[in-house]
Amino acid sequence: MIARVACAALLGIDAFRVDLEVDLARQGMPAFTLVGLAEGAVREAKERVFAALKNGGYRLPPSRITVNLAPADRRKAGSGYDLPLALALLGAAEVVPCERLEGWYMVGELSLTGELKPVPGILPMAIRARDEGAKGFLVPAANAAEAAVVEGLAVYAVRSLGEAVGFVTGECALSPVSPDPLGEGSASEWMCDFAEVKGQEHAKRAIEIAAAGGHNLLFLGPPGSGKTMLAQRIPTVLPALTFEEALEVTKVYSVADLLAPEQALVRTRPFRSPHHTISDVGLVGGGAYPRPGEVSLAHRGVLFLDELPEFKKPALEVMRQPLESGSVTISRAAIALTYPADFMLVAAMNPCPCGYQTDERHVCVCSDFQIQRYRSRLSGPLLDRIDLHVEVPAVPYEDLRSEAPGVTSAQMRERIEAARSVQSARYAGSPCITNADLTGRWLEDFCRLGQAEHAFLGKAVNTLALSARAYTRILRIARTIADLAGEQTIAVPHIAEAINCRTLDRQSAV
């Protein structure tokens, strides 16, 4: 007899339908055959499932069993096929009526005792089940809160194989899981604040501009000047995630199996800070079994790269495409996956190998050749993709001992959210979300300059020998500065401040 159960497999951060078919034939020698391009964990499901069935008191007759995972030409991986395989075997053996299995999606890993364990990627699977019009979705209890985020889908939490069989046969009543009432993307309180940062008003202003327009930012300064401290507080001034953005982020973390136990939704913007020894695969994703990298885990949040020149050059260069497109495409011989990677890059570096070139209190021991070699670790095309280059000087003692209250994260966030709301209204109906997204005709339409502004910017471009990409960066920054000031048009002071935020351009022209 043939039984069929619907489940799902992951492709990037999305899922596609998989029909698990079981044919149980009582003629011939007993055997078990699994087909459908199954990876190792899927092939091992046989041992887990048969042990769980035996320990649950279920007996299958000696038979020749063939299991097909359709579509057969797409790779299947993971342990989530255990539950659907067990129920399909019981359906083929007429222990469970096959018609009771139709229309249901199910997923879950079985222990040898029949208990259900959580699996990664539940959120995209739940979205696929809803889009397919499933009657409901049976998931392990630990995954239920995450799956229940999807509206329009009845999610049932099951703890064991016996409970799943009882629910399918109608002997055990289960109620759909209610969505988490806090699942609207509410932001949690951060344990740090910009009020704790003494001095560095110019750097705080640059952070405000970067956060308001979604721009990338590079800090240059000696050790101990507060570069890391400033970067760690950037998430405290970013607008809260919308529900749609929270879903995007949660899908990435769900596929990467990084959600906390019982966590339904990622409600705060990610802040990722990988060590400089990270490989290019760890940074952008990939591997033998492709998974999201740090640029995707920072989607809709901040990716902080401390000691930027210490990162391997191949790792930095592969970031150039994600910085432009907001996504990462990983191509293999048989498959191509796309992960989202729309993040705000914040990087920090010393001005020279010893770190004290710009610190008047210390003597720099680096030669011009050493400084040039140190900075040449960062290619021109990569630096061009970083909008703001800001010097962070050593903090004077007077600022350290000052008791004057500094600007708080709440005050900065209020101004940033006001600028973001202006951009949201301006770019309604266009593919742009923030000023950092402006390109092509959108840049021309929304960053129009007057005659005086054109003359000022043209002189700066010629004097500093700016590239075309640097020119567009300056226009985007100037647009953000005007938005923070509540101005409809870009003026000369806005352009001047934008150029002042491009330290490396000015230094290269000296």
### Task
Would you mind calculating the relative contact order of the chain from Cα pairs under 8 angstrom and at least 6 residues apart, reporting the percent as a whole number?
13 percent
## Note on the structure
Here the gain from full extension of Gln488 to Glu248, 0.36 nm per residue of separation minus their alpha-carbon distance, amounts to 83.2 nm
### Distance between modelled label sites at Ala240 and Thr113, nm, 7 Å Cα→Cβ extension
4.1 nm
### Rounded to the nearest 20 debye, dipole of the chain from Cβ charges on Lys, Arg, Asp, Glu
1020 debye
## Note on the structure
Sorted by accessible surface (1.4 Å probe, heavy atoms of the protein chains only), largest first, Leu464, Leu20 come out as Leu464, Leu20
### Message
Only sites in a loop by DSSP and with at most 12 other Cβ atoms within 10 Å count here; which GluC sites (Glu not before Pro) in the stretch 352-404 make the cut?
### Response
Glu360, Glu403
### Expected 222 nm ellipticity per residue - DSSP helices of 4 or more, -39500 (n - 2.57), all of the chain, to 500
-10500 deg cm²/dmol
### Cβ-isolated cysteines (cut-off 4.7 Å), the chain
Cys7, Cys98, Cys172, Cys192, Cys354, Cys364, Cys432, Cys447, Cys501
### Summary
Charge dipole of the chain built from unit charges on the beta carbon (Lys, Arg +1; Asp, Glu -1), centred at mean Cα; most positive-end Cα among Tyr471, Trp442, Leu24 is Leu24
### Message
What's the magnitude of the charge dipole for the stretch 274-336 around its Cα centre, counting Lys and Arg as +1 and Asp and Glu as -1 at the beta-carbon? Answer in Debye, nearest 20.
### Response
280 debye
### Query
Reachable lysines from Lys76, Cα under 16 Å, same-chain residues fewer than 8 places away excluded?
Lys46
#### Entry: Computed FRET value (nearest 0.05) for Gln263 with Ala468, which takes r as the C-beta separation and R₀ as 41 Å
0.40
## Note on the structure
By the C-alpha gyration tensor axes a ≥ b ≥ c (rounded if a/c is under 1.5, else prolate when a/b exceeds b/c, else oblate), the shape of the stretch 196-323 is oblate
### Message
Contact order normalised by length for the stretch 421-506, with contacts defined as Cα pairs under 8 Å and 6 or more residues apart; what percent is it?
### Response
31 percent
### Summary
Of the listed links Lys198/Lys312; Lys117/Lys251; Lys251/Lys313, those spanning more than 21 angstrom between alpha carbons are Lys198/Lys312; Lys251/Lys313
### Task
Considering only protein heavy atoms, with the full assembly of protein chains and a 1.4 angstrom probe, order Asp73, Asp437, Asp384 by accessible area, largest first.
Asp73, Asp437, Asp384
### Summary
For His202 the rounded accessible area (nearest 10 Å², probe 1.4 Å, non-protein molecules ignored) is 80 Å²
### Query
Rounded, prolate or oblate: which one fits the stretch 302-453, using the alpha carbon gyration tensor with axes a ≥ b ≥ c (rounded when a/c is under 1.5, else prolate when a/b beats b/c, else oblate)?
oblate
#### Entry: Accessible heavy-atom area order of Phe369, Phe32, Phe219, highest first, probe of 1.4 Å
Phe369, Phe32, Phe219
### Message
Viscosity 1.567 mPa s, temperature 4 °C: what is the translational diffusion coefficient of the stretch 121-172 from Stokes-Einstein with a Kirkwood Rh over Cα pairs, rounded to a whole number of µm²/s?
### Response
116 µm²/s
### Task
Show which aspartates and glutamates lie in cross-link reach of Lys227 when reach means a straight Cα distance below 18 angstrom and same-chain residues fewer than eight apart are skipped.
Asp193, Glu196, Glu201, Glu208, Asp306, Glu307, Glu310, Asp359, Glu360, Asp387, Glu391, Asp399
### Task
Please find the FRET efficiency linking Arg64 to Ser331, where r is the Cβ-Cβ separation and R0 is fixed at 56 Å, and quote it to the nearest 0.05.
0.90
### Extension reserve of the Lys135-Glu317 stretch, reckoned as 0.36 nm per residue once the Cα distance is removed
60.8 nm
### Cα-based shape type of the stretch 1-42, given that a ≥ b ≥ c are square roots of the gyration tensor eigenvalues and the cut on a/c is 1.5
oblate
## Note on the structure
Among chymotrypsin sites (Phe, Trp or Tyr not before Pro) in the stretch 65-115, those in a DSSP loop whose Cβ has at most 15 other Cβ atoms within 10 Å are none
#### Entry: Length-normalised contact order of the stretch 327-388 in % [C-alpha pairs under 8 Å, at least 6 apart]
20 percent
### Query
What's the carbon and sulfur percent of the stretch 333-388's accessible surface, probe 1.4 angstrom, rounded to a whole number?
52 percent
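The values are calculated or read from the model by the stated rules, or taken from the named source; none is laboratory data. The structure presented is a predicted model; accordingly, all values stated were derived computationally and were not measured. Here the Cβ is made from the backbone with ideal geometry for all residues, glycine too, and neighbour counts use every protein chain on show. Just so you know, the surface numbers come from the protein's heavy atoms only, side chains and all, with ligands and any DNA or RNA stripped out. Shrake-Rupley method; radii C 1.70, N 1.55, O 1.52, S 1.80 Å.
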